[in-house]
1. Hey, rough spin-label estimate for residue 69 and residue 89, points 7 angstrom out along Cα→Cβ, what's it come to in nanometres?
2. Tell me, how many Å apart are the Cα centres for segment 75-120 and for segment 14-46?
3. For the pair residue 118 and residue 9, how long in nm is the line joining their label points, each one 7 Å along Cα→Cβ?
4. In nm, to one decimal, how far is the modelled label at residue 54 from the one at residue 20, with both set 7 Å along Cα→Cβ?
5. Please give the helix 3-19 orientation as an angle from the longest Cα principal axis of the chain, in degrees from 0 to 90, rounded to the nearest 10.
6. Expressed as an acute angle from 0 to 90° and rounded to the nearest 10, what is the orientation of the C-alpha long axis of helix 56-70 relative to the principal long axis of the chain?
7. For the residues 49, 42, 126, 59, what sequence is obtained by ranking on other C-beta atoms within 10 Å, fewest first?
8. Sort 106, 92 so that the residue with the fewest other Cβ atoms within 10 Å of its own Cβ comes first and the one with the most comes last.
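Derivation of every value follows stated rules applied to the coordinates shown; laboratory data play no part. Note that the coordinates shown come from a computational prediction; the quantities given were computed from them, not determined experimentally. Ideal geometry is used to build each Cβ from the backbone, glycine not excepted, and the neighbour counts take in all protein chains shown.
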């Protein structure tokens, strides 16, 4: 189970316990945290204010406290308006990368996966500034 699946399940459980209503799981949206704020994953809490009957900030704080107390991977959180920024623990990321690296097929995508890959290469020219060229290939 990846981190987003685990968080989605925990958010659903948390909202049920905090507000005695089951949320629509389709409304649980994740975003990359804005670089201006601390965090790894951001949850949009506006869809849950109707259930909580509280402000977006208070709803985010309630959910953040629930996740911090009940999910080991959530190390900390902060609230900006109606956005809950979660800090995922370093131990989760270390385990994630060690598991990926230990895979026999680490670094390889399955053939015909339909994913776009980026290939980087350097092209040093002694008469020009050094730069990296990028090529996108579709597998």
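1. Spacing of the two 7 Å Cα→Cβ label points: 1.8 nm.
2. Comparing the Cα centres of segment 75-120 and segment 14-46, I get a distance of 18 Å.
3. For residue 118 paired with residue 9, the spin-label model returns 3.2 nm.
4. 1.6
5. That helix lies at roughly 10 degrees to the long axis.
6. For 56-70 against the chain, the angle is about 80 degrees.
7. 126, 49, 42, 59
8. Listing 106, 92 from fewest to most nearby Cβ atoms yields 106, 92.
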